[in-house]
Amino acid sequence: MKLVSVVNRGEVRIGALRADNIIDLRMAYEKWLATASALERQPENGIRVPCSMIELLGLGETALRQLGFVAAQADSRCFLDQSAWRIIAPLPNPGKIIGVGRNYGAHSQEGGMARQEEPRLFVKLSSSVIGPGEHIVSPASVHKLDWEVELAAVVGSVMRNMSVSECMQRVAGYTLLNDISAREFQFDVTPPQTTFAKSMDTFTPLGPCIVTCDEISDPGNLDLKCWVNDELVQDGSTSDMIFPVGYILSYISRFITLDPGDVIATGTPAGVGHFMKPPRYLQSGDRVRLFCPAIGELHNTVE
C-alpha cells in the first residue's frame, strides 16, 4: 500500500494511492464495515482510521494489512476529488529525523573519505519538512545549497535495543527524502555544524508516499535517481550502502528509542554537487526531482 497525507482547507486525511487515484481510507473502511460479514469484521473491531499518519502507523502491522485489503477493494465512490485535495508530506510533523552520513561506498570515495566502522549520525529538525511540489527556500546568506536523494525508513513500532531482524519487522515502510544541505555550514566552519546545515526551513522534502513493507521486501536493492533540471546527477542503488537499513536501525536503537513516525534517512549515493569538479550548487529556479521505481517521484523547486 502507498500511503499519502492530503489536505484541503486545513483538513488532513490519510489516503492510499491506486494508479492515478487517491482512496480516502476512512471512507473506504466505513463502507467495507457496512458490507463485510461478521466473520470478516471480527478481528479488526474497534479500528478508527485517524487523520494523522503517525496515529495510523501506531495502529500496528495487523491493522495496516487490513486497511491495505480494504483499499484494494474500494470502488470509485471512495476516490478523493484531486482538484480539491493536494498531497503533502506523508509525515508533515514526524517525530525524530535521524540521518546517516557517508553511507554509500561511491559517495565516500567521491568525497575522499575513509569507510567508517559504525554509522555516522546527525539529526534533521522536523520543522524542515516540506512535501511534494513545495519550494525549497534558500536563506540569503547560503550560497552552497546542495541536494541528496535518500531512501528513508519510517518506524512503525517502538524500537529499543533490538536486533537487526526485530527492527526490520517494525519498519512501517519507506519513502524518499531530499537531504538539502548548506555546505558552507557543514564543511567551511570549525567545528562543522551538520545538524544546522541540514535543518533549515524547507531543507527536508519528503514523499510522495510511504510504501508499506509488503511492497518493498528488500530495501537493499532499490534504484535511486536525482535530476537537477533535466540533468541526471545521481544514479545509484541502495546495494552500495555500507550499513544496511536493519543495521542502522539496530545501531540507533541501542542508544535512542525509536517511535512510530520517526524517519531514518539512510544516506545518499554519489553525485552530490559539492564534490563535482568544479562544485555545483542549487540556484533559484532549479527543479530537483528524486525517483525510486518502488516509491515514485518527489519534485521541488528552489525559490
Quick one: the Cα spread of the range 102-227 along its three principal axes, in angstroms, biggest first?
43, 36, 29
Label point 7 Å beyond Cα of S76 along Cβ direction - residues of the range 1-26 with amide nitrogen under 13 Å
21
On average, how much area does the Cα convex hull of the range 145-303 cover when viewed from any direction, in nm²?
9.5 nm²
Residues of the range 158-201 with backbone nitrogen within less than 15 Å of a virtual label 7 Å along the Cα-to-Cβ line of F255, please, listed as ranges.
161-162, 194-195
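Sequence gap at least 6, Cα distance under 8 Å: using those rules, report the relative contact order of the chain to the nearest whole percent.
On the way: 710 pairs, mean separation 70.9, N = 303.
RCO, the chain: 23 percent.
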Dipole moment magnitude, nearest 20 debye, the chain about Cα centre, only Lys, Arg, Asp, Glu C-beta charged
400 debye
The chain - percent of accessible surface contributed by carbon and sulfur, probe 1.4 Å:
50 percent
K124: which lysines have alpha carbons under 29 Å from its alpha carbon, excluding same-chain residues fewer than 8 sequence positions away?
K2, K96, K144, K198, K225, K277
With only Lys, Arg, Asp and Glu charged, each at its Cβ (+1 for the first two, -1 for the last two), find how big the charge dipole of the range 189-243 is about the Cα centre; round to the nearest 20 debye.
320 debye
5 Å is the cut-off here: which amide hydrogens, built 1.01 Å from N in the peptide plane, fall below it relative to I22, excluding neighbours closer than 5 in sequence?
L80
Highest to lowest packing among 13-25, 222-234, 273-285, scored as the average C-beta count within 10 Å
13-25, 222-234, 273-285
When 1/r is averaged over all different Cα pairs and the result inverted, which Kirkwood radius in Å belongs to the chain?
19.7 Å
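For the range 1-140, what is the relative contact order in percent, using Cα pairs closer than 8 Å and at least 6 residues apart in sequence? Each step should come with its number before you reach the end.
On the way: 162 pairs, mean separation 34.7, N = 140.
RCO, the range 1-140: 25 percent.
Mind checking the per residue accessible area of the range 92-174 for me, 1.4 Å probe, whole number of Å²?
Numbers: 3540 Å² over 83 residues.
Per residue, the range 92-174 has 43 Å² of solvent-accessible surface.
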Furthest towards positive pole of dipole, A19, W32, G101, structure part the range 1-156, Cβ charges:
W32
Within the range 114-199, DSSP-loop GluC sites (Glu not before Pro) with at most 12 other C-beta atoms within 10 Å are E117
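The values are calculated or read from the model by the stated rules, or taken from the named source; none is laboratory data. Not measured: the values here are computed from a predicted model. Cβ atoms come from the backbone with ideal geometry, glycine included; neighbour counts cover every protein chain shown. Calculation scope for accessible area: heavy atoms of the full protein, side chains included, ligands and nucleic acids excluded. Shrake-Rupley method; radii C 1.70, N 1.55, O 1.52, S 1.80 Å.
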